[in-house]
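One structure is given below, encoded as C-alpha coordinates.
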Amino acid sequence: MDMNNKPGQLNRSLGLGMVIVVAISNIIGSGIYKKIAPMAGALHSSGWVLICWVLGGIISLFGALSNAEVAGLLADTGGEYVYYKKIYNRFFSFIFGWSLFSVIQTAAISSLAYIFAQSLNSIIHLPATLSSLSDFNIRGVFYPFADFTIKLTAILLILILTVINSRGIKTGAGLSTVILSLVFAGMLTIVIFGLTSKQAHPSEVFRIKESLSASGGLSAIFTAMLAAFWAYQGWAVVGYIGGEVKNPNKNIPVGIATGVFIVIALYLLVNITYLSLLPVFRLEEIYHSQNSIAAVEAVKVFWGDKGAVFISVLIALTTLGSTHATILVSCRPYYAMAKEGFFFRPVGKLNKAKAPANSLWYQGIWAIILVLSGSFDQLTDMIIFAVFIYYGATALGVFVLRKKMPDAPRPYRVWGYPLVPATVVIFSAILLVNTVFARPREAAIGMVLMLIGVPFYFWFRRRSMNLS
(Lines give C-alpha, C1' and ligand atoms only; values in the text may rest on other atoms or scores of the structure.)
Protein backbone atom coordinates (compact mmCIF):
# COMPACT_ATOMS: atom_id res chain seq x y z
CA MET A 1 0.00 0.00 0.00
CA ASP A 2 1.17 3.57 -0.76
CA MET A 3 1.96 5.03 2.64
CA ASN A 4 1.03 8.48 1.31
CA ASN A 5 -2.50 7.30 0.53
CA LYS A 6 -3.82 5.53 3.60
CA PRO A 7 -7.52 4.60 3.89
CA GLY A 8 -9.62 7.53 5.07
CA GLN A 9 -6.97 10.07 4.12
CA LEU A 10 -6.68 12.48 1.22
CA ASN A 11 -4.79 11.35 -1.87
CA ARG A 12 -1.32 12.76 -2.43
CA SER A 13 -1.73 12.93 -6.20
CA LEU A 14 -0.64 16.44 -7.24
CA GLY A 15 2.85 17.13 -8.55
CA LEU A 16 4.67 20.44 -8.90
CA GLY A 17 3.01 21.32 -12.21
CA MET A 18 -0.47 21.06 -10.72
CA VAL A 19 0.57 23.08 -7.67
CA ILE A 20 1.66 25.91 -10.00
CA VAL A 21 -1.64 25.65 -11.90
CA VAL A 22 -3.65 25.86 -8.67
CA ALA A 23 -1.60 28.86 -7.49
CA ILE A 24 -2.07 30.81 -10.73
CA SER A 25 -5.75 29.85 -11.06
CA ASN A 26 -6.46 31.24 -7.59
CA ILE A 27 -4.71 34.54 -8.34
CA ILE A 28 -6.02 35.45 -11.79
CA GLY A 29 -9.59 36.72 -11.50
CA SER A 30 -11.47 39.86 -12.44
CA GLY A 31 -8.81 42.25 -11.06
CA ILE A 32 -6.59 42.11 -14.13
CA TYR A 33 -9.45 43.45 -16.27
CA LYS A 34 -10.86 46.13 -13.96
CA LYS A 35 -8.35 47.43 -11.40
CA ILE A 36 -6.23 49.60 -13.70
CA ALA A 37 -9.08 52.15 -13.96
CA PRO A 38 -9.30 52.98 -10.20
CA MET A 39 -5.48 53.02 -10.10
CA ALA A 40 -5.44 55.63 -12.88
CA GLY A 41 -8.14 57.56 -11.05
CA ALA A 42 -5.93 57.73 -7.97
CA LEU A 43 -2.59 58.48 -9.68
CA HIS A 44 -3.34 60.35 -12.94
CA SER A 45 -0.13 58.94 -14.48
CA SER A 46 0.56 55.84 -16.58
CA GLY A 47 4.13 55.58 -15.28
CA TRP A 48 3.02 55.65 -11.64
CA VAL A 49 0.26 53.12 -12.36
CA LEU A 50 2.85 50.70 -13.75
CA ILE A 51 5.15 51.35 -10.77
CA CYS A 52 2.28 50.42 -8.43
CA TRP A 53 1.73 47.16 -10.29
CA VAL A 54 5.43 46.40 -9.85
CA LEU A 55 5.41 47.38 -6.16
CA GLY A 56 2.27 45.33 -5.53
CA GLY A 57 3.93 42.39 -7.26
CA ILE A 58 7.10 42.76 -5.18
CA ILE A 59 5.21 42.88 -1.86
CA SER A 60 3.09 39.91 -2.97
CA LEU A 61 6.25 38.02 -3.95
CA PHE A 62 7.85 38.81 -0.58
CA GLY A 63 4.72 37.48 1.11
CA ALA A 64 4.79 34.37 -1.07
CA LEU A 65 8.48 33.71 -0.31
CA SER A 66 7.84 34.12 3.43
CA ASN A 67 4.84 31.79 3.17
CA ALA A 68 6.98 29.33 1.23
CA GLU A 69 9.45 28.86 4.10
CA VAL A 70 6.63 28.20 6.57
CA ALA A 71 4.84 25.89 4.10
CA GLY A 72 8.04 23.97 3.41
CA LEU A 73 8.45 23.33 7.12
CA LEU A 74 4.84 22.62 8.13
CA ALA A 75 3.00 21.65 4.92
CA ASP A 76 -0.30 19.81 5.53
CA THR A 77 -3.98 20.06 4.62
CA GLY A 78 -5.42 23.36 5.84
CA GLY A 79 -2.52 25.70 5.12
CA GLU A 80 -2.31 28.54 7.64
CA TYR A 81 -4.80 26.78 9.92
CA VAL A 82 -2.11 24.14 10.48
CA TYR A 83 0.78 26.62 10.51
CA TYR A 84 -0.76 28.93 13.13
CA LYS A 85 -1.25 26.11 15.63
CA LYS A 86 2.53 25.59 15.64
CA ILE A 87 3.46 29.27 15.38
CA TYR A 88 0.90 30.76 17.81
CA ASN A 89 -1.92 28.69 19.28
CA ARG A 90 -5.11 26.82 18.43
CA PHE A 91 -7.36 29.79 19.17
CA PHE A 92 -5.66 32.00 16.58
CA SER A 93 -5.67 29.20 14.00
CA PHE A 94 -9.39 28.60 14.60
CA ILE A 95 -10.25 32.29 14.16
CA PHE A 96 -8.34 32.18 10.87
CA GLY A 97 -10.33 29.15 9.68
CA TRP A 98 -13.59 30.68 10.87
CA SER A 99 -12.81 33.90 8.97
CA LEU A 100 -12.25 31.88 5.80
CA PHE A 101 -15.60 30.13 6.12
CA SER A 102 -17.73 33.01 7.37
CA VAL A 103 -16.69 35.50 4.72
CA ILE A 104 -13.20 35.58 3.19
CA GLN A 105 -13.29 32.55 0.90
CA THR A 106 -17.06 32.00 0.66
CA ALA A 107 -17.66 35.65 -0.24
CA ALA A 108 -14.88 35.37 -2.82
CA ILE A 109 -16.68 32.39 -4.38
CA SER A 110 -19.97 34.33 -4.41
CA SER A 111 -18.41 37.44 -5.91
CA LEU A 112 -16.51 35.56 -8.64
CA ALA A 113 -19.56 33.48 -9.56
CA TYR A 114 -21.64 36.66 -9.76
CA ILE A 115 -19.10 38.35 -12.07
CA PHE A 116 -19.11 35.22 -14.26
CA ALA A 117 -22.90 35.40 -14.47
CA GLN A 118 -22.77 39.09 -15.39
CA SER A 119 -20.21 38.40 -18.13
CA LEU A 120 -22.27 35.50 -19.49
CA ASN A 121 -25.38 37.69 -19.51
CA SER A 122 -23.57 40.38 -21.51
CA ILE A 123 -22.76 37.75 -24.16
CA ILE A 124 -26.02 35.80 -24.52
CA HIS A 125 -28.61 37.99 -22.65
CA LEU A 126 -30.18 35.55 -20.20
CA PRO A 127 -34.01 35.70 -19.86
CA ALA A 128 -35.43 37.59 -16.87
CA THR A 129 -36.48 35.42 -13.92
CA LEU A 130 -38.94 36.34 -11.12
CA SER A 131 -38.66 40.02 -12.01
CA SER A 132 -42.03 40.66 -10.32
CA LEU A 133 -40.37 39.85 -6.96
CA SER A 134 -37.36 42.13 -7.46
CA ASP A 135 -38.60 44.60 -4.84
CA PHE A 136 -39.16 41.94 -2.18
CA ASN A 137 -36.80 42.62 0.72
CA ILE A 138 -35.93 41.63 4.24
CA ARG A 139 -35.97 44.74 6.46
CA GLY A 140 -34.89 46.89 3.53
CA VAL A 141 -31.39 45.38 3.57
CA PHE A 142 -31.51 42.10 1.63
CA TYR A 143 -33.17 41.85 -1.78
CA PRO A 144 -32.87 38.13 -2.64
CA PHE A 145 -34.79 38.36 -5.94
CA ALA A 146 -33.15 41.55 -7.27
CA ASP A 147 -31.18 40.68 -10.44
CA PHE A 148 -32.36 37.13 -9.85
CA THR A 149 -31.35 35.92 -13.31
CA ILE A 150 -27.74 36.79 -12.52
CA LYS A 151 -27.99 35.32 -9.02
CA LEU A 152 -29.58 32.11 -10.29
CA THR A 153 -26.81 31.67 -12.86
CA ALA A 154 -24.17 32.23 -10.16
CA ILE A 155 -25.90 29.70 -7.90
CA LEU A 156 -26.03 27.10 -10.68
CA LEU A 157 -22.32 27.63 -11.33
CA ILE A 158 -21.48 27.08 -7.64
CA LEU A 159 -23.58 23.89 -7.59
CA ILE A 160 -22.03 22.50 -10.78
CA LEU A 161 -18.45 23.22 -9.68
CA THR A 162 -19.13 21.75 -6.24
CA VAL A 163 -20.30 18.51 -7.88
CA ILE A 164 -17.22 18.41 -10.14
CA ASN A 165 -14.85 18.94 -7.20
CA SER A 166 -16.63 16.21 -5.22
CA ARG A 167 -15.20 13.74 -7.74
CA GLY A 168 -11.66 14.17 -6.46
CA ILE A 169 -8.84 16.65 -6.60
CA LYS A 170 -7.31 15.30 -9.83
CA THR A 171 -10.59 15.95 -11.65
CA GLY A 172 -10.76 19.47 -10.22
CA ALA A 173 -7.11 20.26 -10.93
CA GLY A 174 -7.46 18.88 -14.46
CA LEU A 175 -10.34 21.26 -15.19
CA SER A 176 -8.26 24.14 -13.79
CA THR A 177 -5.46 23.27 -16.22
CA VAL A 178 -7.79 23.36 -19.24
CA ILE A 179 -9.41 26.66 -18.25
CA LEU A 180 -6.09 28.29 -17.35
CA SER A 181 -4.61 27.33 -20.73
CA LEU A 182 -7.49 29.07 -22.51
CA VAL A 183 -7.16 32.16 -20.28
CA PHE A 184 -3.42 32.44 -20.98
CA ALA A 185 -4.06 32.08 -24.70
CA GLY A 186 -6.67 34.84 -24.56
CA MET A 187 -4.49 37.24 -22.57
CA LEU A 188 -1.46 36.69 -24.80
CA THR A 189 -3.70 37.32 -27.82
CA ILE A 190 -4.62 40.72 -26.35
CA VAL A 191 -0.95 41.52 -25.67
CA ILE A 192 0.29 40.51 -29.14
CA PHE A 193 -2.47 42.17 -31.17
CA GLY A 194 -2.72 45.16 -28.84
CA LEU A 195 0.97 46.07 -28.79
CA THR A 196 1.41 45.53 -32.55
CA SER A 197 -1.66 47.57 -33.51
CA LYS A 198 -1.31 51.04 -35.05
CA GLN A 199 -3.27 52.53 -32.16
CA ALA A 200 -0.71 51.43 -29.54
CA HIS A 201 1.81 53.90 -28.08
CA PRO A 202 4.02 51.75 -25.81
CA SER A 203 6.70 54.44 -25.45
CA GLU A 204 4.23 56.62 -23.54
CA VAL A 205 3.68 54.00 -20.87
CA PHE A 206 7.05 54.35 -19.18
CA ARG A 207 7.19 58.14 -19.07
CA ILE A 208 6.60 59.65 -15.65
CA LYS A 209 5.57 63.16 -16.57
CA GLU A 210 4.06 64.00 -13.20
CA SER A 211 5.85 64.26 -9.88
CA LEU A 212 4.71 62.06 -7.01
CA SER A 213 3.00 65.01 -5.34
CA ALA A 214 1.19 65.87 -8.58
CA SER A 215 0.01 62.26 -8.79
CA GLY A 216 -1.54 62.38 -5.33
CA GLY A 217 1.45 61.64 -3.07
CA LEU A 218 2.10 58.55 -0.97
CA SER A 219 -1.56 58.23 -0.01
CA ALA A 220 -2.52 57.83 -3.67
CA ILE A 221 0.30 55.30 -4.18
CA PHE A 222 -1.01 53.30 -1.23
CA THR A 223 -4.60 53.44 -2.50
CA ALA A 224 -3.54 52.29 -5.96
CA MET A 225 -1.47 49.44 -4.51
CA LEU A 226 -4.55 48.19 -2.64
CA ALA A 227 -6.27 47.78 -6.02
CA ALA A 228 -3.24 45.88 -7.31
CA PHE A 229 -3.22 43.64 -4.22
CA TRP A 230 -6.79 42.60 -4.95
CA ALA A 231 -5.61 41.36 -8.35
CA TYR A 232 -2.58 39.57 -6.87
CA GLN A 233 -4.43 37.98 -3.95
CA GLY A 234 -4.89 34.20 -3.81
CA TRP A 235 -1.44 32.62 -3.82
CA ALA A 236 -1.55 31.66 -0.12
CA VAL A 237 -4.41 29.19 -0.61
CA VAL A 238 -2.09 26.63 -2.20
CA GLY A 239 -1.14 25.58 1.32
CA TYR A 240 -4.73 24.43 1.92
CA ILE A 241 -4.17 21.36 -0.29
CA GLY A 242 -0.91 20.36 1.42
CA GLY A 243 -2.27 16.89 2.24
CA GLU A 244 -2.85 16.13 -1.45
CA VAL A 245 0.53 17.22 -2.84
CA LYS A 246 3.41 14.86 -3.51
CA ASN A 247 6.53 15.88 -1.57
CA PRO A 248 4.63 18.93 -0.21
CA ASN A 249 7.54 20.35 1.79
CA LYS A 250 9.36 20.98 -1.50
CA ASN A 251 6.62 21.32 -4.11
CA ILE A 252 4.39 23.79 -2.24
CA PRO A 253 7.07 26.49 -1.68
CA VAL A 254 8.43 26.10 -5.21
CA GLY A 255 4.91 26.11 -6.65
CA ILE A 256 3.86 29.27 -4.77
CA ALA A 257 6.99 31.23 -5.75
CA THR A 258 6.86 30.09 -9.39
CA GLY A 259 3.14 30.86 -9.70
CA VAL A 260 3.55 34.40 -8.33
CA PHE A 261 6.53 35.08 -10.64
CA ILE A 262 4.50 34.01 -13.68
CA VAL A 263 1.49 36.13 -12.66
CA ILE A 264 3.63 39.22 -12.09
CA ALA A 265 5.13 38.88 -15.58
CA LEU A 266 1.70 38.33 -17.17
CA TYR A 267 0.10 41.25 -15.30
CA LEU A 268 2.86 43.64 -16.37
CA LEU A 269 2.50 42.63 -20.02
CA VAL A 270 -1.27 43.00 -19.98
CA ASN A 271 -1.22 46.35 -18.17
CA ILE A 272 1.46 47.74 -20.48
CA THR A 273 -0.91 46.82 -23.30
CA TYR A 274 -3.85 48.61 -21.67
CA LEU A 275 -1.76 51.73 -21.03
CA SER A 276 -0.45 51.67 -24.60
CA LEU A 277 -4.00 51.73 -25.97
CA LEU A 278 -5.80 53.97 -23.47
CA PRO A 279 -4.45 57.32 -22.23
CA VAL A 280 -4.76 57.97 -18.52
CA PHE A 281 -7.59 60.49 -18.91
CA ARG A 282 -9.62 57.80 -20.72
CA LEU A 283 -8.98 55.32 -17.90
CA GLU A 284 -10.11 57.95 -15.41
CA GLU A 285 -13.34 58.41 -17.39
CA ILE A 286 -13.90 54.65 -17.30
CA TYR A 287 -13.37 54.64 -13.54
CA HIS A 288 -15.81 57.50 -12.91
CA SER A 289 -18.46 56.14 -15.29
CA GLN A 290 -18.80 52.88 -13.29
CA ASN A 291 -20.51 51.23 -16.29
CA SER A 292 -17.57 50.06 -18.39
CA ILE A 293 -14.50 47.86 -17.94
CA ALA A 294 -10.97 48.99 -18.82
CA ALA A 295 -10.07 45.74 -20.61
CA VAL A 296 -13.20 45.91 -22.78
CA GLU A 297 -12.47 49.50 -23.84
CA ALA A 298 -8.80 48.67 -24.56
CA VAL A 299 -9.63 45.78 -26.87
CA LYS A 300 -12.32 47.82 -28.63
CA VAL A 301 -9.59 50.30 -29.62
CA PHE A 302 -8.07 47.83 -32.10
CA TRP A 303 -10.88 45.30 -32.68
CA GLY A 304 -14.03 47.42 -32.34
CA ASP A 305 -17.27 45.83 -31.13
CA LYS A 306 -16.01 42.35 -32.01
CA GLY A 307 -13.27 42.94 -29.46
CA ALA A 308 -15.92 43.60 -26.81
CA VAL A 309 -17.39 40.15 -27.41
CA PHE A 310 -13.92 38.55 -27.27
CA ILE A 311 -12.98 40.19 -23.97
CA SER A 312 -16.41 39.44 -22.44
CA VAL A 313 -15.89 35.75 -23.23
CA LEU A 314 -12.37 35.93 -21.76
CA ILE A 315 -13.62 37.59 -18.55
CA ALA A 316 -16.32 34.92 -18.23
CA LEU A 317 -13.72 32.18 -18.77
CA THR A 318 -11.30 33.73 -16.28
CA THR A 319 -13.89 34.14 -13.54
CA LEU A 320 -15.11 30.59 -14.23
CA GLY A 321 -11.56 29.33 -13.66
CA SER A 322 -11.07 31.45 -10.56
CA THR A 323 -14.43 30.39 -9.06
CA HIS A 324 -13.57 26.75 -9.70
CA ALA A 325 -10.07 27.06 -8.19
CA THR A 326 -11.40 28.87 -5.11
CA ILE A 327 -14.05 26.18 -4.53
CA LEU A 328 -11.39 23.49 -5.02
CA VAL A 329 -8.96 24.68 -2.35
CA SER A 330 -11.11 26.61 0.13
CA CYS A 331 -12.95 23.61 1.56
CA ARG A 332 -9.73 21.95 2.80
CA PRO A 333 -9.16 24.06 5.96
CA TYR A 334 -12.72 23.34 7.18
CA TYR A 335 -12.06 19.63 6.63
CA ALA A 336 -8.84 19.88 8.67
CA MET A 337 -10.66 21.76 11.44
CA ALA A 338 -13.48 19.20 11.59
CA LYS A 339 -11.02 16.30 11.74
CA GLU A 340 -9.73 17.79 14.98
CA GLY A 341 -13.22 18.44 16.38
CA PHE A 342 -13.13 22.21 15.80
CA PHE A 343 -15.79 22.45 13.12
CA PHE A 344 -19.10 20.78 12.31
CA ARG A 345 -18.52 17.03 12.54
CA PRO A 346 -19.79 15.91 9.07
CA VAL A 347 -17.29 18.27 7.39
CA GLY A 348 -14.44 15.98 8.50
CA LYS A 349 -15.55 13.04 6.32
CA LEU A 350 -14.36 12.00 2.84
CA ASN A 351 -16.42 10.43 0.07
CA LYS A 352 -15.46 7.43 -2.08
CA ALA A 353 -13.30 9.66 -4.28
CA LYS A 354 -11.39 10.74 -1.15
CA ALA A 355 -12.70 14.27 -1.57
CA PRO A 356 -14.05 16.34 1.38
CA ALA A 357 -17.51 16.39 -0.19
CA ASN A 358 -19.37 17.49 2.95
CA SER A 359 -16.98 20.39 3.37
CA LEU A 360 -17.58 21.34 -0.26
CA TRP A 361 -21.36 21.34 0.26
CA TYR A 362 -21.28 23.33 3.53
CA GLN A 363 -19.09 25.87 1.75
CA GLY A 364 -21.32 25.88 -1.34
CA ILE A 365 -24.56 26.37 0.60
CA TRP A 366 -23.16 29.31 2.57
CA ALA A 367 -21.74 30.87 -0.64
CA ILE A 368 -25.20 30.54 -2.24
CA ILE A 369 -26.80 32.30 0.76
CA LEU A 370 -24.29 35.13 0.29
CA VAL A 371 -25.21 35.32 -3.40
CA LEU A 372 -28.90 35.68 -2.51
CA SER A 373 -28.12 38.28 0.15
CA GLY A 374 -26.36 40.38 -2.46
CA SER A 375 -24.05 41.60 0.29
CA PHE A 376 -20.89 39.69 -0.56
CA ASP A 377 -19.13 42.69 -2.14
CA GLN A 378 -19.71 44.71 1.03
CA LEU A 379 -18.53 41.79 3.14
CA THR A 380 -15.29 41.40 1.17
CA ASP A 381 -14.65 45.15 1.48
CA MET A 382 -15.15 44.94 5.23
CA ILE A 383 -12.94 41.90 5.75
CA ILE A 384 -10.19 42.58 3.18
CA PHE A 385 -7.96 44.07 5.86
CA ALA A 386 -8.18 40.74 7.71
CA VAL A 387 -6.34 39.07 4.85
CA PHE A 388 -3.35 41.25 5.65
CA ILE A 389 -3.59 40.35 9.33
CA TYR A 390 -2.90 36.79 8.22
CA TYR A 391 -0.28 37.72 5.60
CA GLY A 392 1.56 39.60 8.34
CA ALA A 393 1.06 36.78 10.83
CA THR A 394 2.57 34.23 8.43
CA ALA A 395 5.57 36.45 7.66
CA LEU A 396 6.08 37.01 11.39
CA GLY A 397 5.87 33.23 11.73
CA VAL A 398 9.16 32.93 9.84
CA PHE A 399 10.92 34.67 12.76
CA VAL A 400 8.94 32.73 15.39
CA LEU A 401 9.69 29.33 13.85
CA ARG A 402 13.38 30.10 13.41
CA LYS A 403 13.49 30.69 17.16
CA LYS A 404 11.16 27.81 18.17
CA MET A 405 12.53 25.24 15.70
CA PRO A 406 16.06 26.40 14.82
CA ASP A 407 17.34 22.94 13.88
CA ALA A 408 14.30 21.70 11.94
CA PRO A 409 15.01 20.82 8.29
CA ARG A 410 13.86 23.61 5.98
CA PRO A 411 13.54 22.61 2.30
CA TYR A 412 13.34 26.32 1.51
CA ARG A 413 14.74 29.30 3.39
CA VAL A 414 13.26 32.66 2.46
CA TRP A 415 15.56 34.67 0.23
CA GLY A 416 16.60 38.02 1.70
CA TYR A 417 15.95 37.04 5.33
CA PRO A 418 15.28 39.00 7.53
CA LEU A 419 14.49 41.93 5.20
CA VAL A 420 11.89 40.14 3.06
CA PRO A 421 9.57 38.82 5.85
CA ALA A 422 10.12 42.02 7.88
CA THR A 423 8.94 44.10 4.90
CA VAL A 424 5.71 42.07 4.73
CA VAL A 425 5.10 42.43 8.48
CA ILE A 426 5.68 46.20 8.41
CA PHE A 427 3.59 46.73 5.28
CA SER A 428 0.72 44.67 6.70
CA ALA A 429 0.81 46.70 9.92
CA ILE A 430 0.72 49.99 7.98
CA LEU A 431 -2.20 48.73 5.92
CA LEU A 432 -4.15 47.76 9.03
CA VAL A 433 -3.57 51.11 10.75
CA ASN A 434 -4.48 52.98 7.57
CA THR A 435 -7.70 50.97 7.23
CA VAL A 436 -8.73 51.62 10.84
CA PHE A 437 -8.35 55.38 10.39
CA ALA A 438 -9.48 55.70 6.77
CA ARG A 439 -12.40 53.24 6.91
CA PRO A 440 -13.24 52.70 10.60
CA ARG A 441 -16.77 51.40 9.92
CA GLU A 442 -15.57 48.67 7.55
CA ALA A 443 -12.70 47.74 9.87
CA ALA A 444 -15.03 47.51 12.89
CA ILE A 445 -17.63 45.37 11.11
CA GLY A 446 -14.86 43.18 9.71
CA MET A 447 -13.50 42.58 13.19
CA VAL A 448 -17.00 41.74 14.44
CA LEU A 449 -17.44 39.15 11.67
CA MET A 450 -14.16 37.55 12.66
CA LEU A 451 -14.88 37.63 16.40
CA ILE A 452 -18.27 35.95 15.96
CA GLY A 453 -16.10 32.85 15.77
CA VAL A 454 -15.00 33.21 19.41
CA PRO A 455 -18.11 31.61 21.00
CA PHE A 456 -17.99 28.89 18.35
CA TYR A 457 -14.37 28.15 19.34
CA PHE A 458 -15.32 27.56 22.97
CA TRP A 459 -18.34 25.50 21.95
CA PHE A 460 -16.26 23.26 19.65
CA ARG A 461 -13.52 22.97 22.28
CA ARG A 462 -15.97 21.93 25.00
CA ARG A 463 -17.58 19.37 22.68
CA SER A 464 -14.18 18.03 21.66
CA MET A 465 -13.12 17.64 25.33
CA ASN A 466 -16.39 15.85 26.18
CA LEU A 467 -15.84 13.38 23.34
CA SER A 468 -12.28 12.64 24.44
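The values are calculated or read from the model by the stated rules, or taken from the named source; none is laboratory data. Worth saying up front: this structure is predicted, and the values here are computed from it rather than measured. Here the Cβ is made from the backbone with ideal geometry for all residues, glycine too, and neighbour counts use every protein chain on show. SASA here: full protein model, heavy atoms, side chains in, ligands and nucleic acids out. Shrake-Rupley method; radii C 1.70, N 1.55, O 1.52, S 1.80 Å.
Okay, residues lined up against (1) in contact with a Ser or Thr (Cβ under 6 Å, 6 or more places away or on another chain); (2) open to solvent by less than 30 Å² (accessible area, probe 1.4 Å); (3) small (Gly, Ala, Ser):
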{"position": "284", "(1), (2), (3)": "no, no, no"}
{"position": "293", "(1), (2), (3)": "no, no, no"}
{"position": "300", "(1), (2), (3)": "no, no, no"}
{"position": "312", "(1), (2), (3)": "yes, yes, yes"}
{"position": "315", "(1), (2), (3)": "yes, yes, no"}
{"position": "321", "(1), (2), (3)": "yes, yes, yes"}
{"position": "337", "(1), (2), (3)": "no, yes, no"}
{"position": "340", "(1), (2), (3)": "no, no, no"}
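In the range 13-24, how many residues are open to solvent by 10 Å² or more (accessible area, probe 1.4 Å) and in a helix (DSSP H, G or I)? Quick ask: steps written out before the conclusion?
Step one: filter the range 13-24 for residues open to solvent by 10 Å² or more (accessible area, probe 1.4 Å), giving 13, 15-18, 20-21.
Then drop every residue that is not in a helix (DSSP H, G or I), which leaves 16-18, 20-21.
Here the count works out to 5.
When the range 125-170 is filtered for residues that are open to solvent by 30 Å² or more (accessible area, probe 1.4 Å) and at pLDDT 90 or above, the ones remaining, listed by number, are 152, 156, 159, 160, 163, 164.
If you go through the range 325-332 one residue at a time, do you hit one that is among the charged types (D, E, K, R) and surrounded by fewer than 21 Cβ atoms within 10 Å (Cβ to Cβ)?
First, the residues of the range 325-332 that are among the charged types (D, E, K, R): 332.
Narrowing further to those that are surrounded by fewer than 21 Cβ atoms within 10 Å (Cβ to Cβ): none.
Checking the range 325-332: not a single residue is among the charged types (D, E, K, R) and surrounded by fewer than 21 Cβ atoms within 10 Å (Cβ to Cβ).
If the condition is being assigned to a helix (DSSP H, G or I) and surrounded by fewer than 24 Cβ atoms within 10 Å (Cβ to Cβ), then the range 75-90 contributes 85, 86, 87, 90.
All of (1) open to solvent by 10 Å² or more (accessible area, probe 1.4 Å); (2) within 17 Å of the chain's Cα centre (by Cα); (3) at pLDDT 85 or above hold for residue 48 with one exception: (2).
Just one of the listed residues (41, 29, 8) is small (Gly, Ala, Ser), assigned to a helix (DSSP H, G or I) and at pLDDT below 90, namely 41.
A single entry from 228, 257, 220 fulfils the requirement of being open to solvent by less than 20 Å² (accessible area, probe 1.4 Å) and at pLDDT below 80: 220.
If you go through the range 171-188 and keep only what is over 22 Å from residue 118 (Cβ atoms) and open to solvent by 20 Å² or more (accessible area, probe 1.4 Å), you end up with 171, 174, 177, 178, 181, 184, 185, 188. Within the range 271-282, being buried (at least 16 other Cβ atoms within 10 Å of the Cβ) and in contact (Cβ under 8 Å) with a residue 60 or more places away in the chain holds for 271, 272, 273, 274, 275, 276, 277, 280.
With the requirement that a residue be modelled with pLDDT of 90 or more and open to solvent by 10 Å² or more (accessible area, probe 1.4 Å), what does the range 97-110 give you? Matches in the range 97-110: 98, 101.
Residues that are modelled with pLDDT of 80 or more, under 30 Å from residue 171 (Cα atoms) and open to solvent by 50 Å² or more (accessible area, probe 1.4 Å) number at least 3 in the following helices (runs of 4 or more DSSP H) confined to the range 349-457: 357-373. Of the residues examined, residue 266 is not one that is more than 25 Å from residue 68 (Cβ to Cβ) and not β-branched (Val, Ile, Thr).
If you filter the range 163-201 down to residues that are farther than 24 Å from residue 246 by Cα, assigned to a helix (DSSP H, G or I) and of a type outside the set (A, V, I, L, M), you find that the one that is nearest to the chain's Cα centre (by Cα) is 184.
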